[in-house]
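For reference, the structure discussed in these notes is given below.
Bear in mind these aren't lab numbers, they're just calculated from the coordinates by the rules spelled out. Just so you know, these numbers come straight off a predicted model, no measurement behind them. Positions of Cβ are generated from backbone atoms using ideal geometry, with glycine treated the same way; all protein chains shown enter the neighbour counts.
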Amino acid sequence: MAKDDYYVIVFRVLTYLYNCLKQNEVVDMQKLTPEYLGINQRYFEYIFDTLDDEGLILNKAYYEDMLGKHLESDIMVSPKGISFLHENSTIAKVKNSAKGILDIIGDIPGL
């Protein structure tokens with residue numbers, strides 16, 4: 001799978017949020033940007049809107065002001081998001097991709 005594949009990005013984001021939760025670390029918002037994830041703004045918003053709508057993250061994903069949409073700094077993975085990481089067959093394929101897990105997930109602490 002390509003690094004910008006939907007499930008690869010979802011895996012990276014949820015894994016990062018889960019690791020932050022387990023290690024009692026504050027989420028580094030610089031790691032949750034389109035630039036850091038290597039995707040465009042529209043795709044970024046689509047992914048986070050979907051994570052929010054499907055209940056895979058807690059707390060509303062965005063707040064809006066005159067400058068646009070901004071991720072909330074208290075964003076967290078939900079129990080459903082954790083289950084998704086462990087039980088989703090497509091995510092399992094991402095983890096076991098021939099490219100190797102480090103090529104796919106990039107710089108995620110705790111892995």
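Under a point spin-label approximation (7 Å from Cα along Cα-to-Cβ), what is the TYR62-ALA2 distance to one decimal in nm?
Result: 2.3 nm between the two label points.
Given points 7 Å out from each Cα along the Cα-Cβ axis, report the ASN24 to GLU54 separation in nanometres with one decimal.
Using points 7 Å along Cα→Cβ, the separation is 3.1 nm.
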